Amino acid sequence: MTAMPAADPAVAGRGAAEEDLRALFGQSTAVFASLTGPAHVVETANRAFFETIGQERVRTGIALVDVMPELADQGFIALLDQVYRTGEAYVGRDVRVVLGVGPQAREAFFDVSYEPRRGAGGTVTGVRVLGVETTQVKHAQRLMTEHRALLEQIARQAPLSEVLDGMARCIENLAPQEVLVSVLLADPDGRHLRHGAAPSLPAFYNQAIDGIATGEGVGSCGTAAHRREPVIVTDIGTDPFWNDFRDLADRAGLAACWSTPILARDGGLLGTFAMYHRTPRVPQDSDLALTRVFAGTAALAIERHHIEQAKAAAEARARAAHDELARVLRVERELRAEAEQRAAASAELAARMRAAAAAQAALPHPEHCQLGDAPGCTAPAEIKIADSWGDSAWGCTAHVEEALLNVRSVFIASEELGGLAAYLNR
């Protein structure tokens, strides 16, 4: 315990109860401080109190607001005034407080109790502060909430870019110190890394590393992807892995990069998960635990995305095959219908030719077909055909059919129709 010298007899004679509290909380992890007077002078505080607010502020005998000026604008001094004035205790759960100022400021949460200290006559002489820091619990609760939301996004098949971007922002918000998160996705061949998500990194930086090769010494991410194990670079300015990217990192204001490979269940490379820092920094156990949690979540999201892509591709191929089969069946039906039409036309033509041959059987005609090639056709002449120019000839059924099919102006000549005579005698 750190105590202010007890010059006041009233302070010296407060009794065994106050001494018991000092003994109880002297080495406790609970935060304990005893404040005196309306100015809330820090009379006594345990080690945990000063470790919480910062060892550079270990001072007693002065007002709390002078030790921790940041409390004034957060309502805590007003609460102490209220307890001192009314004599009624105050109890708060998961009370948020920002400790420190500027770059050193950090968010913390406490279960806290402000209890009035009374003198021999019952008059309030000060306030006793007792708190238990719940920051880690609060962050764990927030982590669980955010993690559950990410899993729900994955379950409802949200776009991969949306899931990864949300994950990166979540980590950046949860981390106690500033961190910039990047996720790179591996090409199918595992030889290059593509931009996946990096909401807080400069656009020029993301464009520059999009498509970097995987390999030993290729920054933190390329090396982690190549080794299939985490690569921790605590100082980009001196690490040889960053020789080719040091100027780029300097332009982006990056000083440390911890990269973890994102691996599939079968060990295949899915990508990398990286945490960048503005100053050289060594990871703590909490940082590594956070990395493991979200690297696993990223793996789940990416694998689910690959499965959905494969499913969509398979469905597209199935639709294409179905459409092709439908086209083939349609063409087959059309060809069958056309063949049936041709067969019907051929049967009709054959019937007409048989009828014409029967009708012309008694007419005088040459013995052999006149429609054959140069050597002549030796088949018997049976049907007479003519064209619109008045030329006519006798032929066998085969050559007559060929002529009728290939020469549009040819028709079967029938003496019964009258021909030109019928026209002249109209």
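Points worth noting:
- Region 118-204: C-alpha gyration tensor shape, a/c 1.5 cut-off, then a/b vs b/c: prolate
- Overall form of the chain per C-alpha gyration tensor (a/c, 1.5; a/b vs b/c): prolate
- Here the chain exposes an accessible surface that is 54 percent carbon and sulfur, computed with a 1.4 Å probe and the other protein chains kept in place.
- Using only side-chain charges placed at the Cβ, +1 for Lys and Arg and -1 for Asp and Glu, the dipole size of the chain relative to its Cα centre rounds to 1000 debye.
- Angle between the chain longest axis and helix 16-25 axis [Cα atoms, degrees, rounded to 10]: 40 degrees
- Cut-off under 5 Å, modelled amide H: who pairs with LEU270 long-range: ILE262, LEU263, ALA264
- Per-residue HN-Hα couplings for region 273-289 [Karplus 6.51, -1.76, 1.60; θ = phi - 60°; Hz; x = Gly/Pro]: 10, 10, 10, 9, 9, 6, 10, x, 7, 9, x, 9, 4, 5, 5, 5, 5
- Taking the longest Cα principal axis of the chain as reference, the axis of helix 135-155 is set at about 10 degrees.
- Amide H contacts of GLY126 (H built 1.01 Å from N, in plane; Pro and chain starts excluded): GLY37, ARG117 sit under 5 Å, all sequence-distant by 5 or more or on other chains.
- Taking a ≥ b ≥ c as the square roots of the eigenvalues of the alpha carbon gyration tensor, region 187-245 is oblate, as a/c is not under 1.5 and a/b does not beat b/c.
- Cleavage-rule hits (GluC sites (Glu not before Pro)) in region 70-174: DSSP loop, at most 12 neighbouring Cβ within 10 angstrom: GLU88
- Efficiency of FRET from Cβ geometry, GLU340 and ALA361, R₀ 35 Å, rounded to 0.05: 0.65
- Protein heavy-atom accessible surface, 1.4 Å probe, per residue over the chain: 56 Å².
- For the chain, the longest principal axis of the alpha carbon atoms and the long axis of helix 397-406 meet at an angle near 50°.
The values are calculated or read from the model by the stated rules, or taken from the named source; none is laboratory data. This one's a predicted model, so the numbers in the text were calculated from it and none came from an experiment. Methodologically, a virtual Cβ is constructed for each residue, glycine included, from the backbone with ideal geometry; neighbour enumeration extends over all protein chains shown. Please note that ligands, DNA and RNA were not included when accessible areas were found on the heavy atoms of the full protein model with its side chains. Shrake-Rupley method; radii C 1.70, N 1.55, O 1.52, S 1.80 Å.
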